[in-house]
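*Asks:* I have a structure I would like to understand better, so I am pasting it below and will then ask my questions one at a time.
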Amino acid sequence: MTQAQPTQSLPDALRIAGRSYASRLLVGTGKYKDLEQTRRAVEASGAEIVTVAVRRTNLGQKPGEPNLLDVLPPDRYTILPNTAGCYSAEDALRTCRLARELLDDHRLVKLEVLGDAKTLFPDVTATLAAAEQLVKEGFEVMVYTSDDPIIAKRLEELGCVAVMPLAAPIGSGLGVQNRYNILSIIENARVPIIVDAGVGTASDAAIAMELGCDGVLMNTAIAEARDPVLMASAMKHAIIGGREAFRAGRMPRRRYASASSPLDGTVV
Amino acid sequence: MKRSDAPLPVYFLAIVMQIVVNGENTAVSEGITLAELVGSLQLAGQRLAIELNGDIVPRSRWPEVHLNGGDRAEIVRAIGGG
């Protein structure tokens, strides 16, 4: 295994498949201008888990051309290969098996089986079938799914190590569209629930964390910001702020005012 | 696996065969190994995975697996993705 071994006994650590992470922000590595910007944004985000895609090698590639895994070394980051672009369970399985070989018997994968190119919504029936097979083959499956609480529970029961409902369509930046569904998923879960997709800006990430999500996975919100490195830092703080607010427990909402200064002893 | 019976053009100095690499027809020396193919594509030393005719070939076996005409190889790597 080449995965990073994050520090144990962290306060309020995110635990996935037996490993602990200090950061609850997971980031993708697509859509950046170049590998240097990718590296700087990932570093500014503080993320320890980073997703990558598995694709055909360019045959015309110049020797010595930098590789993504040179700037994001697997001994520093937990690499999470995805099955993006797969529209069938079979394609997703094939991609995961290639990723396992590519990363030296790496077992942690992000499963996504897409239903259509316009919405990039998951094909949940194919996702369930693929998840079941991957778990049988010894993979640790973090699974992208819809915000359907019943399907989320089924995926947990199949043995997925994390369930990752969308907040809104991939790359849409619309924020958490159905807080009550996300809340229901969290309340019923025994594995980490990570909002994956749809976050647009820092407040969206904070809202997801305040709902009680265990983490947020995002890519476009950082990569398509005017200044991706600064947005990566904003997201890091939003995740920390949202998590602390969740743990602190917010005050009740009231319809009318409640004075903050004591009413006794006023001079007027 | 059956070798291609197609006649080879006479102007080749070495004996070559056709294989398909990442969907592209590619001429390679007859009987080369996967390790030699990776070297000839200037990909040696990179972090790759190879699927040959639909089956993954572990990196440790690249030096001993010889290719046949008509073989289909997929050579993949990690790139940016979300």
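*Asks:* Only residues that are more than 7 Å from every other protein chain (Cβ to nearest Cβ) and farther than 17 Å from B:Met17 by Cα: list them for region B:40-51, please.
*Replies:* If the condition is that a residue be more than 7 Å from every other protein chain (Cβ to nearest Cβ) and farther than 17 Å from B:Met17 by Cα, then B:Ala44, B:Gly45, B:Ile50 are the ones that fit.
*Asks:* Identify all residues within region A:132-158 that are within 11 Å of A:Ile185 (Cα to Cα), of a type in the set (A, V, I, L, M) and under 19 Å from the mean Cα position of the chain (by Cα); write none if there are none.
*Replies:* A:Ile151, A:Ala152
*Asks:* I've got another one for you. Go through the residues of region A:61-74 one by one and say whether even a single one is charged (D, E, K, R) and at pLDDT 95 or above.
*Replies:* Scanning region A:61-74, I find no residue that is charged (D, E, K, R) and at pLDDT 95 or above, so the answer is no.
*Asks:* Ok, one more. Determine if region A:36-56 includes at least one residue that is within 8 Å of another protein chain (Cβ to nearest Cβ) and over 18 Å from the mean Cα position of the chain (by Cα).
*Replies:* yes
*Asks:* Let me ask you something else. Could you check, for region B:60-73, whether at least one of its residues is modelled with pLDDT of 95 or more and under 30 Å from A:Tyr32 (Cβ atoms)?
*Replies:* Looking for residues that are modelled with pLDDT of 95 or more and under 30 Å from A:Tyr32 (Cβ atoms), one finds at least one in region B:60-73, hence yes.
*Asks:* Further question on the same structure: In region A:16-29, what residues are in contact with a Ser or Thr (Cβ under 9 Å, 6 or more places away or on another chain) and either modelled with pLDDT under 95 or away from every other protein chain (no Cβ under 12 Å) (or both)?
*Replies:* Within region A:16-29, A:Ile16, A:Arg19, A:Ser20, A:Tyr21, A:Ala22, A:Ser23, A:Leu25 meet the criteria.
*Asks:* So, in region A:90-121, exactly how many residues are touching a strand residue (DSSP E or B) at 6+ places or on another chain (Cβ under 7 Å), more than 14 Å from chain B (Cβ to nearest Cβ) and more than 28 Å from A:Ser20 (Cβ to Cβ)?
*Replies:* Here the count works out to 2.
*Asks:* Criterion first (out of contact with any strand residue (DSSP E or B) (no Cβ under 6 Å at 6 or more places or on another chain), more than 10 Å from chain B (Cβ to nearest Cβ) and free of Cβ contacts under 8 Å to residues at least 12 places away in the same chain) does A:Pro73 satisfy it?
*Replies:* In short, yes.
*Asks:* Right, next: Given (1) among the β-branched types (Val, Ile, Thr); (2) touching a strand residue (DSSP E or B) at 6+ places or on another chain (Cβ under 9 Å); (3) assigned to a helix (DSSP H, G or I), identify the lone condition not met by A:Val216.
*Replies:* Only one criterion is unmet by A:Val216, namely (3).
*Asks:* From the list A:Ile207, A:Ile170, A:Ile193, A:Ile182, pick out the single residue that is under 13 Å from A:Arg24 (Cβ atoms) and of a type outside the set (Phe, Trp, Tyr).
*Replies:* Going through A:Ile207, A:Ile170, A:Ile193, A:Ile182 in turn, the sole match is A:Ile193.
*Asks:* OK, next. Is it fair to say A:Ala206 is away from chain B (no Cβ under 14 Å), of a type outside the set (S, T, N, Q) and either in a loop (DSSP other than H, G, I, E, B) or buried (at least 21 other Cβ atoms within 10 Å of the Cβ) (or both)?
*Replies:* yes
*Asks:* Starting from residues that are more than 17 Å from A:Gly18 (Cα to Cα) and buried (at least 18 other Cβ atoms within 10 Å of the Cβ), keep the ones in region A:159-169 and report whichever is farthest from the chain's Cα centre (by Cα).
*Replies:* Filtering region A:159-169 for residues that are more than 17 Å from A:Gly18 (Cα to Cα) and buried (at least 18 other Cβ atoms within 10 Å of the Cβ), the one farthest from the chain's Cα centre (by Cα) comes out as A:Ala168.
*Asks:* Shifting gears a bit: Give just the number: which of (1) within 11 Å of chain A (Cβ to nearest Cβ); (2) over 9 Å from the mean Cα position of the chain (by Cα) does B:Ser29 not satisfy?
*Replies:* Checking B:Ser29 against (1) within 11 Å of chain A (Cβ to nearest Cβ); (2) over 9 Å from the mean Cα position of the chain (by Cα), the one that fails is (1).
*Asks:* Only residues that are more than 10 Å from chain B (Cβ to nearest Cβ) and free of Cβ contacts under 8 Å to residues at least 40 places away in the same chain: list them for region A:76-89, please.
*Replies:* A:Cys86, A:Tyr87, A:Ser88
*Asks:* Yes or no: region A:136-145 includes at least one residue that is in contact with an Asp or Glu (Cβ under 6 Å, 6 or more places away or on another chain) and under 30 Å from A:Ala41 (Cα atoms).
*Replies:* Checked region A:136-145: at least one residue is in contact with an Asp or Glu (Cβ under 6 Å, 6 or more places away or on another chain) and under 30 Å from A:Ala41 (Cα atoms).
The values are calculated or read from the model by the stated rules, or taken from the named source; none is laboratory data. Everything numeric here is computed off the predicted structure, so don't read it as measured data. Virtual Cβ from ideal backbone geometry, glycine too; neighbours counted across all protein chains shown.
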